[in-house]
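The values are calculated or read from the model by the stated rules, or taken from the named source; none is laboratory data. None of these values were measured; they are calculated from a predicted model. Ideal geometry is used to build each Cβ from the backbone, glycine not excepted, and the neighbour counts take in all protein chains shown. Calculation scope for accessible area: heavy atoms of the full protein, side chains included, ligands and nucleic acids excluded. Shrake-Rupley method; radii C 1.70, N 1.55, O 1.52, S 1.80 Å.
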Amino acid sequence: MVGFASGGALLASDAWHRAHASTLRTAFDEIARTERADAETSGRVLPVDPSAFALVEGQLRADASPGPSGVSLNLALDRIQPLAIRAPPRHVDGGLLVTVGGALGAARAGQWRAGRRVRLPVELHRAARYLDDGVPDGERALELRGIALVGSAKSGTLVEVLSPGNWLDEQMAAARAFARRAIGDAVGRWSQESAAIVLAIVIGDRAGLDDEVQRRLQEAGTYHVLAISGGNIAILAGLMLAAFRLVGVLGRSAMIASIVVLGAYGYFVGGGASVDRATLMAVVYFAARAADLRSPPLNALAFVAACLAGAQPFSAVDPAFVLTFGATLSILAVVPALSLKSSARVPRLVALVASMFAASVATEAALFPVGAIFFSRVTFAGLALNFLAIPLMAVAQIAGMIAVPMALIWTPLARAPGFFAHLGAAGLVWSAHLVDFVPAAAFRVAPPSWPIVAIYYAAVVAAWRVRRNATRAPSPGPRAPNKFRAPAIVVAAASALWMLAEPWTLAAAGGDGRLHVSFIDVGQGDSAFVRFPGGATMLADAGGLVSTSGPAAAPSFDIGDRVVAPVLRLAGVRRLDYLVLSHGDPDHIGGANAIVNEFRPRETWEGIPVPPFQPLARLRAEAAARRLRWRSVRAGDRFVVDGVNVTVLHPEPPDWERQRVRNDDSIVLELNWRDASFWLTGDIGRAVERGLPSRMTLAPLRVIKVPHHGSLTSSTGDFVRAIHPTVAVVSAGRANHFGHPAADVIARYQDAGAEIFRTDKDGEVSIDTDGYSIDVHTFTGRQLHRASTSEYHEDTKGTKP
């Protein structure tokens, strides 16, 4: 097993390096470098991340997927020609994910079917990524799916269909289009939400799924039923076998026919890693039966895994691959062992339920570390809810599959099965709500360390091997208990509790006597995490303006949940003490809802209320529903947190009711401890800056979060000279087109002697201080140390803790 896993990981690593160095990526880098050189010559400023305008050609890998932000096209490119510079077209190889904007995209999406060849002008980018500890690399995740670049096209009118796909591709695409219409009519008349769920279950189209529904199913541990995988293929295989038995066709003919139907269904739904895995497993099973081969199921599982790892090396590091084979392996290992102990006196239904529960327990025990590593989520609700979710999924799938051919005969005929499909889908959503009554059954955790995961699995395998050998070994007399079994179980239980309880967070909660401020890379936005010397925590803003490049552009990408929350979990935060919302701009509060839901801040601070502004009103209502304190702060408010003076420098009390959010209403916070001052400035402009220096504590060590991402509307020369910062941190996005930070602003801070750090270049910027010195380190490896040289520090050196 260890050798197989190691070999798969090596294959995946090699495949990733080849994908990263694809000819498409190489061509893009060359075009982007040329465009940047031309821009510099003409005095234009481009974002840190490269981009390139090009005319691309390629074949659609899947049908177009409409969404709120545009239509997504997945292309296998083979030709690219630069548009901004004069250069001939060149042949390339690589995957491209394009978002087509404009109102016409959705109307024309039906023309963009898998297999067809298209040409369109695209602005190409690298995929969005956030350089923070604990945050997954989004660019690498796409490369593991064969997507080298992402891009955007302004309008559907720019997409030209050059040629249709082959006959089979066209027929399958037409069948999928008909299935969408049939299910939309038969199920959608009862509920559009149910229709979207049935489409996901029957043909794998999840474009219409609501984000909230997906989140609830993930928390409930039943989201797997929406992905076409083992369960769906098993149901289809069971239906075929039942049909063959009903008509009296059994044996080799039935097995071969099942293989053909399963292969056709896999092609019909558009393939994909999970579909390929499930279909291959079913085909191997039917082929073995057709050839009358007798082999242990574990051997068949290993054969399929080896085939997939060899044909698709990325599978070895694909979470879905690990989950699928881990679940199957655990079931095959546990259920047969229980059947040896079964008694004829046990009712058949009871035995079936017990076996299902044992399989569910075995799966949860085997895979919860995988869920914690890949998704930072552990849910035990699935132990009970799968008893509802799987039958309900079967109802939705079977009824949905019946509705489609009935609609082919006569549309009203499909409405009856459509109603039952709606009941199954609605039941899935309803069952997920049961988690609300037992919230402890689903929770988020920081990804556990690899050593503790290795210890857990080693102990589980050891305990299982001991039991298996004891069950199989012949013994003429009573068996002596194996002395290794109990220690293995204890070690497995202890390591599981370590991963679930995260006892190391208790030490973090007590603080380490230092003040820590981390400026999180949230792209074009702001978010700063503060850990006070005694362990209290504060989050100032939560980002939210997602990048326009890559999957982060999708509305379902919640920057609070996907970027900010992982940083907090890694820091050992279970509950925030303070959440500060500087003002209501989306790049500052867009991720706040996820933070409120998961970390339940004891106090949330806002500056000047804006009654008509709904995003803040919804956050305030959410806090009230959870009985969390909401406070309005004004200039002059002072707090002491673990010995650190926290002072509100701005805004002043308002003299009129705001009707819109304003940058100059941003909360400005000062954290002052001994010889160090930190200033969190939001998006204030010149007018506010003029009055700040007289209120600031100009300690020997001064750190400022540069106002408004380094915009020219802020950081005037007088202000920068007056505060004379030691360190200036700019929070800006790598792909922003606002010109942030402005070159003149950077020059002002440099002229003032400040060391400048930028989240777009340095990633997360973390600053630690004992009050007398500061240590800066970044995600990319930059470091800085500055010590106070004030008389106060010299006179009291050695007397402070």
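With protein chains left intact and a 1.4 Å probe, residues in region 354-442 average 44 Å² of accessible area per residue.
Remark on Ser773: its backbone amide H falls under 5 Å from those of Ser788, a criterion applied only to residues 5 or more positions apart or on other chains, H modelled at 1.01 Å from N.
Report note on the peptides 367-374, 37-44: ranked by the mean count of other C-beta atoms within 10 Å, highest first, their order is 367-374, 37-44. Taking amide hydrogens as placed 1.01 Å from N in the peptide plane, the amide H of Ala148 sits under 5 Å from those of Gly95, Leu96, each at least 5 positions away in sequence or on another chain.
Taking the Cα centroid of region 576-630 and of region 66-123, what is the distance between the two, rounded to the nearest whole Å? When both Cα centres are located, 39 Å separates them. Surface analysis of region 633-768 yields an accessible area of 37 Å² per residue, using protein heavy atoms and a 1.4 Å probe. Magnitude of the charge dipole for region 543-690, about its Cα centre and with charges confined to Cβ atoms of Lys, Arg (+1) and Asp, Glu (-1), is about 500 debye.
With q set to 0.29 Å⁻¹, the log10 of I(q)/I(0) for region 683-742, from the Debye formula over equal scatterers at the Cα positions, is -1.32. Dipole orientation for the chain: of the candidates Val187, Gly535, Trp112, Val187 has the Cα lying most toward the positive pole (charges on Cβ; Lys, Arg +1; Asp, Glu -1).
Here's the picture: charge each Lys and Arg Cβ at +1 and each Asp and Glu Cβ at -1 in the chain, and of Val304, Leu332, Gly251 the one pushed furthest to the positive end of that dipole is Gly251. Counting only DSSP beta bridges whose two residues both lie in the chain, roughly 70 percent are antiparallel. Share of carbon and sulfur in the accessible area of the chain stands at 61%, probe radius 1.4 Å. Probing with 1.4 Å while keeping every protein chain in the model, the per residue accessible area of region 65-138 equals 43 Å². For region 565-656, the list of chymotrypsin sites (Phe, Trp or Tyr not before Pro) that fall in a loop by DSSP and count at most 13 other C-beta atoms within 10 angstrom reads Trp656. Across region 155-224, C-alpha contacts under 8 Å between residues 6 or more apart give a mean separation that, scaled by the residue count, equals a relative contact order of 16 percent.
Please state, to two decimals, what the Cα-based radius of gyration of the chain comes to when divided by 2.2 N^0.38 Å (N = residues). Taking N as the residue count of the chain, the ratio is 1.05. For Glu755, the amide hydrogen comes within under 5 Å of the amide hydrogens of Val727, Ala728, counting only partners 5 or more places away or on other chains and with H modelled in the peptide plane. Across region 599-611, computed HN-Hα scalar couplings (Karplus, 6.51 cos²θ - 1.76 cosθ + 1.60, θ = phi - 60°) run 9, 6, x, 5, 9, 10, 9, 10, x, 8, x, 10, x Hz from first to last residue, x flagging Gly and Pro. First check a/c for region 546-668, with a ≥ b ≥ c the square roots of the eigenvalues of its C-alpha gyration tensor; if it is under 1.5, answer rounded, and if not, answer prolate when a/b is larger than b/c or oblate otherwise. Because a/c hits 1.5 or more and a/b fails to exceed b/c, region 546-668 counts as oblate.
With contacts taken as Cα pairs under 8 Å at a separation of at least 6 residues, the chain carries a relative contact order of 10 percent. Charging the Cβ of each Asp and Glu at -1 and of each Lys and Arg at +1, and nothing else, the dipole of the chain about its Cα centre rounds to 3100 debye. Ligands, DNA and RNA excluded, the heavy atoms of Val490 present near 100 Å² of accessible surface to a 1.4 Å solvent probe.
Each Lys and Arg Cβ is given +1 and each Asp and Glu Cβ -1; about its Cα centre, region 646-801 then shows a dipole of about 260 debye.
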